[in-house]
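Have a look at the structure below, then the notes.
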Amino acid sequence: MELNENADIDTSQVEDQRGSGGGGGGGFGGLPIPIGGGGIVGLIITVVLLVAGGYFGVNQLGGGGSADNSNIQQECADKSAAKTKLDCRNVLYINSIQAFWKQAEPQYFGKQYQPAKTVLFANRVSTGCGAADSGTGPFYCPADDRVYIDLTFYQLLAQQLGAPGEFAQPYVLAHEYGHHIQDLVGTEAKMRRAQQSASSEAEQNLLSVKLELQADCYAGVWANHATETKTSSGQPIFKSITDQDIQEGLDTAKQIGDDTLQQRSGQQINPAEFTHGTSADRQKWFKRGFDSGNPVEACDTFAAGAVKPGD
Ligand SMILES: [Zn+2]
């Protein structure tokens, strides 16, 4: 995969909350807090900030958070930052995914695309769907229409889950934006209603698997069209997507399949507990989306027989 070094990086599509709230590790918006050297004064400032951060964190449920984009804006103003900085590169992936759906949602679903921001957080975050921490992994919250990701998740993917390929990153983001599309076109709400009238947990889980595999398929659809996507000023975002990239997407899908994850954690493989689908199915649906490029034709995981129990 090669990104276009002339593409502007539109940081208005993300909310950088890494410098605030929750505290711990991320620092406070880049403020140098003089612990040690600052003695008691530094310590008091730290405590006040911790309390304030915690307080606002709790009271800003609904995705308001406390975003400060000044750092990332500055950092990604230089177009070459996409080559060297993880966060700027990820912003560009988000720009591409949203540029695709802006054009594809009216085309395929007859609906206007509504942009969704991605919240970059460190450690903990308050969302319209409740509080979450990095252990949750990246997710989409339908209540506040945002994607949430702690970018350190990619280290976990690479080091612990065996998916080190660069293309794992846009695949993960495109999967989460796939959930946003499901929210916009009503699939998500329909699936939640079906879950409520389901007679067993296994049946509920199968509905979840169908939703997740469809999001994988939508990620593949985006990958098919990625090189056609452009910035708002009309610059192509990608120069190329290669077979190796698609292979890395498939490798990632394989490593995060329910059966593989259960096996990795030393559990028995139990299909009734699958919520995202097997490795084989996650790969299959990503590939279907990629091969077809048409989300309506390729991605109907809810069609009778498309996904069976145990898949
Ligand atoms: Zn998902």
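The values are calculated or read from the model by the stated rules, or taken from the named source; none is laboratory data. As the structure is a computational prediction, the values presented were derived from the model and not from experiment. Using ideal geometry, Cβ is built from the backbone for each residue, glycine included, and neighbour counts are taken over all protein chains shown. To get the accessible areas, we keep the full protein, side chains included, count just its heavy atoms, and leave off ligands, DNA and RNA. Shrake-Rupley method; radii C 1.70, N 1.55, O 1.52, S 1.80 Å.
Okay, here's what the table says:
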quantity: Helices (runs of 4 or more DSSP H) within region 155-227 that include 2 or more residues within 11 Å of the ligand (Cβ to nearest atom); calculated: 168-185, 201-225
quantity: Selection status of VAL185, over 19 Å from PRO164 (Cα atoms), in contact with a Phe, Trp or Tyr (Cβ under 8 Å, 6 or more places away or on another chain), at pLDDT 95 or above and open to solvent by 20 Å² or more (accessible area, probe 1.4 Å); calculated: yes
quantity: Yes/no for ILE246 being touching a residue at least 12 places away in the same chain (Cβ under 8 Å), β-branched (Val, Ile, Thr), more than 17 Å from LEU211 (Cβ to Cβ) and open to solvent by less than 20 Å² (accessible area, probe 1.4 Å); calculated: yes
quantity: Only listed residue being within 16 Å of the ligand (Cβ to nearest atom), open to solvent by 60 Å² or more (accessible area, probe 1.4 Å), within 25 Å of SER66 (Cβ to Cβ) and of a type in the set (Val, Ile, Thr), chosen from THR118, THR136; calculated: THR136
quantity: Yes/no for GLY293 being more than 18 Å from the chain's Cα centre (by Cα), away from the ligand (no atom under 15 Å from the Cβ) and more than 30 Å from GLU5 (Cβ to Cβ); calculated: no
quantity: Check on THR136, more than 25 Å from PRO271 (Cα to Cα) and either in contact (Cβ under 8 Å) with a residue 40 or more places away in the chain or not charged (D, E, K, R) (or both); calculated: no
quantity: Inter-residue pairs, beta-carbon under 8 Å, first assigned to a loop (DSSP other than H, G, I, E, B) and in region 1-12, second open to solvent by 70 Å² or more (accessible area, probe 1.4 Å) and of a type in the set (D, E, K, R), 6+ apart; calculated: ASN4/LYS239; GLU5/LYS79; GLU5/LYS83; ASN6/LYS79; ALA7/LYS79; ASP8/LYS79; ILE9/LYS79
